[in-house]
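See below for the structure under consideration.
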Amino acid sequence: MERKITGYLQDQEAHWVAELECGHRQHVRHDPPWINREWVTTAQGRAAALGSYLDCKACNLAPPP
Ligand SMILES: [Zn+2]
């Protein structure tokens, strides 16, 4: 389910986690060559991605009412 990114935080391993409008959190790793999300590595890139949509896996498993 597509959800807007409303903010970010970092986990214990310094990986970036996006906070979504639905209240779920989802890792947004930059892990080339499998996952290319270079934007997440810079403050500018993260700011630019605020308000963009991410497929929320938690909502896909258990859609809200
Ligand atoms: Zn969600």
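Throughout, read-outs are computed from the coordinates displayed, never taken from laboratory work. Keep in mind that this is a model prediction, so the values were computed, not measured. Cβ: placed from backbone, ideal geometry, glycine included. Neighbour counts: every protein chain shown.
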*Dipole magnitude of the chain about its Cα centre, charges +1 at Lys/Arg Cβ and -1 at Asp/Glu Cβ only, in debye to the nearest 20?*
100
_Can you give me the distance in nm between label points at residue 19 and residue 50, each placed 7 Å from the Cα along the Cα-to-Cβ direction?_
1.1
*Starting from the Cα coordinates of the chain, work out the convex hull volume and express it per residue in Å³.*
89
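Run the numbers on the chain and let me know its relative contact order in percent, using alpha-carbon pairs under 8 Å that are six or more apart.
Values: 97 pairs, mean separation 23.5, N = 65.
Reported relative contact order: 36 percent.
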